[in-house]
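Remarks on the structure that follows.
Where a number appears in this text, it was derived from the coordinates with a stated rule and is not lab data. These figures come from a predicted structure and were not determined experimentally. Positions of Cβ are backbone-derived with ideal geometry, glycine not excepted, and every protein chain shown enters the neighbour counts.
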Amino acid sequence: MIVTKTHLQDCFVIEPKVFGDDRGYFFESFNKQTFKEKTSLEINFVQDNEAFSNRGILRGLHFQKGASAQAKLVRVIKGKVLDIALDIRPKSKTYGKYFSLILSEKNKKQLFVPRGFAHGYSVLEDNTIFAYKCDNYYDTSSEGGIIYNDSNLKIDWMLSENEIILSGKDKTLPLLKNIVL
C-alpha cells in the first residue's frame, strides 16, 4: 500500500497493491495495522456505505459535526468520480482549502477524509458505485453541509452547470462562511 500525504493535514491518498492475472485481480482495500504504520492515525471503522449514481449526480458537500463527526475512507468500485475533501476545522492552517482527486475502478485509489472535513463528489461516468467506510455512526441531527458552488471555494466539479443534478437538500445548503459547527 502506498500512502501519500496531501496538502491538508491528516488527509491521505491510499493506493493499494493490486495483484492481477488472467483470472482477474485481488487487492486489500484496508488493513488497520498498515494504515496506522503509514499514517500514524488510529482508526476504527464502524460502518460501510455504498451509493449508486449516474453521470452528473453531485453529492455534497456534507459533514457530521460535534461528537458525531466522521472520518471516511472513500473509493470507487465501478465508474469514476471527482472526490473533494474540504477542511472546515476553524483553527486549521488550511481552513477553507480543499483537495480533489479522481477515484475510479481503474486507478483503485482511495482517499482518507479526516474528521473536521466536508466531503463531496461529482459522478463522471454512468453506473458508478461509490463506497466508503466511516469511523462513527451517521446521526441525522448532526449533519451539515456547504453549497457545492460556493464562489469562495472555486471548486471545479468537472461537470458543466447544466449537467449537475442535486438532491433537494443539497440545493439549499449554506455557504462555508455561514455554517454553524
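Taken over the range 70-90, residues that are more than 20 Å from residue 32 (Cβ to Cβ) and assigned to a strand (DSSP E or B) amount to 11. Residue count for the range 126-146, restricted to those that are over 21 Å from residue 172 (Cα atoms) and of a type outside the set (A, V, I, L, M): 10. Sub-6 Å Cβ pairs linking a first residue in the range 1-30 that is part of a loop (DSSP other than H, G, I, E, B) to a second residue that is surrounded by 11 or more Cβ atoms within 10 Å (Cβ to Cβ) and among the polar types (S, T, N, Q), at least 6 apart or interchain, are 1/34; 8/94, ordered by first then second residue. Only one entry in 120, 96 is surrounded by fewer than 23 Cβ atoms within 10 Å (Cβ to Cβ) and in contact (Cβ under 8 Å) with a residue 12 or more places away in the chain, namely 96.
Evaluating residue 25 against the criteria (1) exposed (fewer than 15 other Cβ atoms within 10 Å of the Cβ); (2) aromatic (Phe, Trp, Tyr); (3) closer than 18 Å to residue 132 by Cα leaves one unmet condition, (3). Just to verify a result, which residue in the range 31-69, among those that are among the hydroxyl-bearing types (Ser, Thr, Tyr) and not in a loop (DSSP other than H, G, I, E, B), is farthest from the chain's Cα centre (by Cα)? The selected residue is 34.
To keep it simple, each residue is scored yes or no on (1) crowded, with 16+ Cβ neighbours inside 10 Å; (2) within 18 Å of residue 83 (Cα to Cα); (3) of a type outside the set (Ser, Thr, Tyr); (4) in contact (Cβ under 8 Å) with a residue 40 or more places away in the chain.
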residue: 155; (1), (2), (3), (4): yes, yes, yes, yes
residue: 160; (1), (2), (3), (4): no, yes, no, no
residue: 166; (1), (2), (3), (4): yes, yes, yes, yes
residue: 169; (1), (2), (3), (4): no, no, yes, no
residue: 174; (1), (2), (3), (4): no, no, yes, no
residue: 178; (1), (2), (3), (4): no, no, yes, no
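Here 50, 42 are screened, and the one residue that is of a type outside the set (Ser, Thr, Tyr), free of Cβ contacts under 8 Å to residues at least 24 places away in the same chain and over 25 Å from residue 176 (Cα atoms) is 42. Selection of the range 73-86 for residues being surrounded by fewer than 23 Cβ atoms within 10 Å (Cβ to Cβ) and either closer than 22 Å to residue 180 by Cα or aliphatic (A, V, I, L, M) (or both) yields 73, 77, 82.
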